[in-house]
1. Under 16 Å between alpha carbons, and skipping anything fewer than 8 positions from residue 58 in its own chain: which lysines qualify?
2. With a length cut of 27 Å (Cα positions projected on each helix's long axis) and a Kyte-Doolittle mean of at least 1.6, go through the chain and give me the DSSP H helices that pass.
3. Using Cα-Cα distances under 8 Å and only pairs 6 or more residues apart, what relative contact order does the chain have, in percent?
4. Would you mind giving the three semi-axes, in whole Å and largest first, of the ellipsoid equivalent to segment 71-119 according to its Cα gyration tensor?
5. How big is the antiparallel share of DSSP beta bridges in the chain, given as a percent to the nearest 5?
6. Over all directions, the average projected area of the alpha-carbon convex hull for segment 2-118 comes to how many nm²?
7. If I model a spin label as a point 7 Å beyond the Cα along the Cα-Cβ vector, how far apart are those points for residue 114 and residue 39 in nm?
Amino acid sequence: MGENQFSRELRLLAPSHFTYVFDNAIPAVSPCFTVLARHNQLSHPRIGITLAKKRIRKAHQRNRIKRLIRESFRHRAKILPGIDIVVVGKTGADALTNEEVFTALEKLWKKLEKRCISG
């Protein structure tokens, strides 16, 4: 269980962390998610998730999507460079199955990894 934990050090916690990413972000976009990233001074990636009530109405759907995003991130965290990531949910993300969410995020992680290494 130890290698795939989601500890505090892997999360963006303060509003200033989110603002830092939004100010000068490297984007990766899909129909249901926008993933923004920015290099950090750490040796590991960190993630923040924003799912607006306006976009995904029901709390249980927002919670399900958040769990899936965190799980997908946990599997990719060892591979990703030292970046801060904000995942923004769009309208329609709640209609995706769990497998579709994982597939969409996997494509975004790969796209982000390429852009962050080359950029």
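1. Result set, ordered by chain and number: 66, 90.
2. Details: long enough: 98-118 (30 Å, -0.61).
For the chain, where a helix must reach 27 Å along its axis and average at least 1.6, there are no hits.
3. Numbers: 175 pairs, mean separation 41.2, N = 119.
Relative contact order here is 35 percent.
4. Working: eigenvalues 90, 28, 18 Å².
Result for segment 71-119: semi-axes of 21, 12, 9 Å.
5. Values: 11 of 17 bridges.
Bridges in the chain are about 65 percent antiparallel.
6. Convex hull of Cα atoms, orientation-averaged projection: 7.1 nm².
7. About 2.0 nm separates the two model spin labels.
Bear in mind these aren't lab numbers, they're just calculated from the coordinates by the rules spelled out. Remember, it's a predicted structure, so these values are computed and weren't measured experimentally. All Cβ positions, glycine included, derive from the backbone under ideal geometry; neighbour counts span all protein chains shown.
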